[in-house]
Amino acid sequence: MSAEARAINFGAGPSALPQSVLEETAKGLLNFEGTGIGIAEISHRSKEFTAYVRNLESLIREQLEVPPTHHIIFTQGGGTGQFSAVVLNMLARHRLLHPELTDEERVLDYVITGSWSKKACEEAKRLGGGRVNVVADGRKHSADGKSFKSIPPPDAYTFSENPALIYYCENETVDGVQFAHTPGPTAFPYDRLPKNALVPLVADYSSSFMSRPIPRLADHAIIYAGAQKNIGPAGLTILIVRQDCVVDVDAAAKLGAVPTPITMSYKTLVESGSLYNTPSVLPLYMTGLVVQRMKQLGGLSYFEQTNKTKAEKVYAVLKEGEAKGKLRGKVQEGSGSWMNVVFDVLGEGEEAKFLAGAEARNLKGLKGHRSVGGIRASLYNAVTEEDTDKLVDYIKEFIA
């Protein structure tokens, strides 16, 4: 299929993948690495596939500058699976460190800035094993007290003294709110964290992973991401886990911790090289192709600059639309996501007209999440600057 025949996919996930990767995948489905066996058929324990997984790990480690203090793990279950896994593994760790504490004395800190961190917090409450403390809630800083419009101000955070984990979502895919990755009022407030030697900081990077460098990566206990935004298809979850968070969950369970399912135990995954059971073979293969291509294009510095340019172009045309009374941005300036730009089209029936016009131009996936409505343009790595220009041109035409 020619590039012209393919739609431009602004969907929030599963999202756009580079055409060259899709074409290479088609070859790999028939013959992986010269084995004569397709990638979807080959044993995950074959020497060719295990070597491929180790190389993928190496490519991610190199481009993100992951220190040797941290493991890279590949698993399944998506970001939502990690809502549970991080709680169980970090409660097990805390139980081993502090067996004398009661569940009520064991605290889990959550920063809530949008729909996904809210869901993660709800899962922590559902699982039990500790008391959940909401460190900061973005809704308290919006005009209606219900919407997620901005990153909370630095003085809004109240961290616990010795929590089992401190959780935040770096980019909120639904609400279009993202922490800044350079110091400032909308960056994550690292200076306010408890001064423990090893802070149990957990970050959901699902919708911004490998789109730009991760600030203070080494200071995180766990970083995780579903692959289906920037670097692969759905079915693969990538974790970066500090060594002290790889604990004996069975020993912790004997001390009263909530038992951890075997495939959610980070110790199991690390000791098996992410191959305890059959992994997501095809998504791992495709992610490897994407990450190899990223390196060839210049790595994270290239994508950081490109993604910055794309976001600036869309936010600039959004401002034009606001000045003309046709569009309204949903997020306060300084808190807007590079990955997911969200806005409303003003006027009766105008949103439907906007979406129909986009569809006619082969610009797809622009309808906002069902929980919040409006428009959402997702500008992930595989969405090119040229693709973004076509969206910007259409928005200019629409507001004119």
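The values are calculated or read from the model by the stated rules, or taken from the named source; none is laboratory data. Source: prediction; values computed, not measured. Backbone-built Cβ (ideal geometry, glycine too); neighbour counts: all protein chains shown. Heavy atoms of the whole protein, side chains included, go into the accessibility calculation; ligands, DNA and RNA do not. Shrake-Rupley method; radii C 1.70, N 1.55, O 1.52, S 1.80 Å.
Got a number for carbon plus sulfur as a percent of the chain's accessible area, 1.4 Å probe?
Exposed carbon and sulfur together represent 52 percent of the surface.
With a Cα-only, solvent-free Debye model of region 277-359, what are the log10 I(q)/I(0) values at q = 0.13, 0.15, 0.18 Å⁻¹?
Calculated log10 I(q)/I(0) at the listed q: -0.65, -0.76, -0.87.
Report Ser20's accessible area, 1.4 Å probe, all protein chains in place, as a number in Å² to the nearest 10.
Accessible area, nearest 10 Å²: 70 Å².
Among Gln178, Gln228, Gln243, which one shows the biggest mean-square fluctuation in a GNM of the chain, springs joining Cα atoms closer than 10 Å?
Answer for the Gaussian network model of the chain: Gln243.
5 Å is the cut-off here: which amide hydrogens, built 1.01 Å from N in the peptide plane, fall below it relative to Leu108, excluding neighbours closer than 5 in sequence?
Arg131, Val132, Asn133, Ala164
Given charges of +1 on the Cβ of Lys and Arg and -1 on the Cβ of Asp and Glu, with all other atoms neutral, how large is the dipole of the chain about its Cα centre, in debye to the nearest 20?
Here the size comes out at about 280 debye.
I want to verify a result. In a Gaussian network model of the chain, Cα cutoff 10 Å, which of these has the top mean-square fluctuation: Ile42, Ile375, Ile238?
Ile42
Quick one: what are the phi-derived ³J(HN,Hα) couplings along region 28-41, Karplus 6.51/-1.76/1.60 with θ = phi - 60°, whole Hz, x for glycine and proline?
Coupling constants for region 28-41: x, 5, 9, 7, 8, 6, x, 7, x, 10, x, 4, 7, 10 Hz.
Given a 1.4 angstrom probe, what's the average accessible area per residue across the chain, in square angstrom?
42
Report, in deg cm²/dmol and to the nearest 500, the calculated mean residue ellipticity at 222 nm for the chain, where each DSSP H run with n ≥ 4 adds -39500 (n - 2.57) and the sum is divided by the residue count.
Estimated from H runs of four or more residues: -11500 deg cm²/dmol.
Could you derive backbone 3J(HN,Hα) for region 352-366 from the dihedral phi with the Karplus parameters 6.51, -1.76 and 1.60 (θ = phi - 60°), listing whole Hz in sequence and x where the residue is Gly or Pro?
3J(HN,Hα) across region 352-366, in whole Hz: 4, 5, 4, 5, 5, x, 5, 4, 5, 9, 6, 9, 10, x, 8.
Evaluate Rg over Rh across region 110-257, taking Cα atoms for both radii and Kirkwood's formula for Rh.
0.95
Rg (Å, one decimal) plus Dmax (Å, integer) for the alpha carbons of region 27-67?
Rg then Dmax for region 27-67, in Å: 12.3, 37.
When the convex hull of the C-alpha atoms of region 72-197 is computed, what volume per residue in Å³ does it have?
129
Which order do you get for Trp338, Trp116 if you rank them by accessible area with a 1.4 Å probe, largest at the top?
The ordering from most to least exposed comes out as Trp116, Trp338.
Of Lys353, Lys364, Lys330, which has the largest mean-square fluctuation in a 10 Å C-alpha GNM of the chain?
Its mean-square fluctuation being the largest, the pick is Lys353.
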